[in-house]
Amino acid sequence: MIDDKTKPLIKDNVRRIRDRIASACNKAGRNESEVKLIAITKYVTADVAALLLAQGVTSWGESRPQLLWEKAKQVQGVEWHLVGHLQRNKVAETIQHCQWIHSVDSERLLQAIETEAGKQKKIINVLLEIHLSGEAAKQGFTVEEIPAVLAKCSSFQNLRIQGLMTMAALNSTSQAAQATFAQLRQLRDTWNPLLQPPHKLSELSMGMTNDFEEAIAEGATMLRIGSALFEGLNQETH
Ligand SMILES: *Cc1c(COP(=O)(O)O)cnc(C)c1O
């Protein structure tokens with residue numbers, strides 16, 4: 001339920017995050033237009049998330065495919081990003097709704113997206129998720145796997161490789177998170193020449209509520225921010 005306080009609260013949260021993004025960009029000597037805020041809406045209902053549109057936040061992400069499908073059916077005018085694990089049997093429905101998939105972590109999934117995008121006559125933007133933190137349970141390609149994956153990309157017509165995605169280890173210090181993000185940027189620079197247009201590695205999706213300033217310092221172009229946008233909401237919606 002949306003009460004009287006929710007709308008101004010979201011507005012304040014968006015303003016505060018935009019200010020922090022602006023000062024981190026300034027500090028890094030970067031232009032704010034290079035950094036896209038993607039609102040991760042998994043903590044709230046579609047009607048609360050819809051309040052973001054009035055603040056100009058129109059790129060949204062979900063980590064669970066089904067929740068993305070549900071919200072995409074309820075709210076119009078959103079550019080959707082899937083940021084969590086995607087099983088191949090959910091590719092068809094997912095790409096009906098979303099333009100970006102950040103969390104591609106296997107060649108079989110790439111192939112499934114390519115095939116299904118072809119059937120639906122769509123171009124789907126894809127980021128390769130890279131596992132850098134050393135935690136056993138994390139999704140993502142290992143660094144060693146990537147050159148072979150990139151070598152096969154020229155055959156893809158219906159998906160576009162656009163960049164890389166990673167997550168810092170859970171509870172990492174600010175310095176550890178920044179080191180992970182620096183590593184992703186360096187890998188991007190190393191691997192980018194291995195791709196032929198239209199595939200490229202221009203996007204770096206990294207940085208969440210606790211570490212987006214570190215990510216901006218290391219060249220993030222897409223921030224995935226959830227908690228900080230919905231801070232202060234009551235329990236039912238948060
Ligand atoms: C939940 C989630 C986010 C947002 O995290 P916050 O810490 O709430 O900003 C970003 N990326 C992924 C993959 C997520 O699952």
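The values are calculated or read from the model by the stated rules, or taken from the named source; none is laboratory data. Here the structure is a predicted model, which is why all the values come from computation and not from measurement. FYI the Cβ positions are ideal-geometry reconstructions off the backbone, even for glycines, and counts take in every protein chain you see. We work out accessible area using only protein heavy atoms, side chains counted, and drop any ligands, DNA or RNA first. Shrake-Rupley method; radii C 1.70, N 1.55, O 1.52, S 1.80 Å.
Computed quantities for the displayed model
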| quantity | calculated |
| --- | --- |
| List 214, 145, 62, ordered by accessible area with a 1.4 Å probe, largest first | 145, 214, 62 |
| Heavy atoms of residue 11: accessible area, 1.4 Å probe, square angstrom to 10 | 90 |
| Heavy-atom SASA rank of 224, 108, 20, 188 (probe 1.4 Å, accessible area, largest first) | 108, 20, 188, 224 |
| Where 42, 7 fall by accessible area, highest first, once all protein chains stay in place (1.4 Å) | 7, 42 |
| Degrees, to the nearest 10: 65-74 long Cα axis against longest axis of the chain | 50 |
| Using alpha-carbon coordinates, inclination of helix 174-191 to the longest axis of the chain, degrees | 40 |
| Share of carbon and sulfur in the accessible heavy-atom surface of the chain [1.4 Å probe, %] | 48 |
| For residue 93, solvent-accessible area (1.4 Å; no DNA, RNA or ligand), Å² | 50 |
| Percentage relative contact order, the chain, counting C-alpha pairs under 8 Å, at least six apart | 22 |
| Å² of accessible area per residue within the chain, as computed with a 1.4 Å probe and no ligands counted | 47 |
| For region 1-89: relative contact order, % (alpha-carbon pairs under 8 angstrom, 6 or more apart) | 25 |
| Within the chain, helix-based [θ] at 222 nm, where runs of 4 or more DSSP H residues each add -39,500 (n - 2.57), nearest 500 | -11500 deg cm²/dmol |
| Accessible surface of residue 190 - all protein chains present, 1.4 Å probe, nearest 10 Å² | 90 |
| Under the Karplus curve 6.51 cos²θ - 1.76 cosθ + 1.60, θ = phi - 60°, whole-Hz ³J(HN,Hα) for region 226-232, x wherever Gly or Pro sits | x, 2, 5, 6, 10, 4, x |
| FRET efficiency, residue 202 to residue 43 (Cβ-Cβ, R0 22 Å, nearest 0.05) | 0.15 |
| Cut-off under 5 Å, modelled amide H: who pairs with residue 61 long-range | 39, 40, 41, 81 |
| Sum of side-chain charges, residue 207 neighbourhood, beta-carbon under 10 Å (Lys, Arg +1; Asp, Glu -1) | -3 |
| Region 89-185, relative contact order in percent, only Cα pairs under 8 angstrom and at least six apart counted | 29 |
| Angle between the chain longest axis and helix 6-28 axis [Cα atoms, degrees, rounded to 10] | 50 |
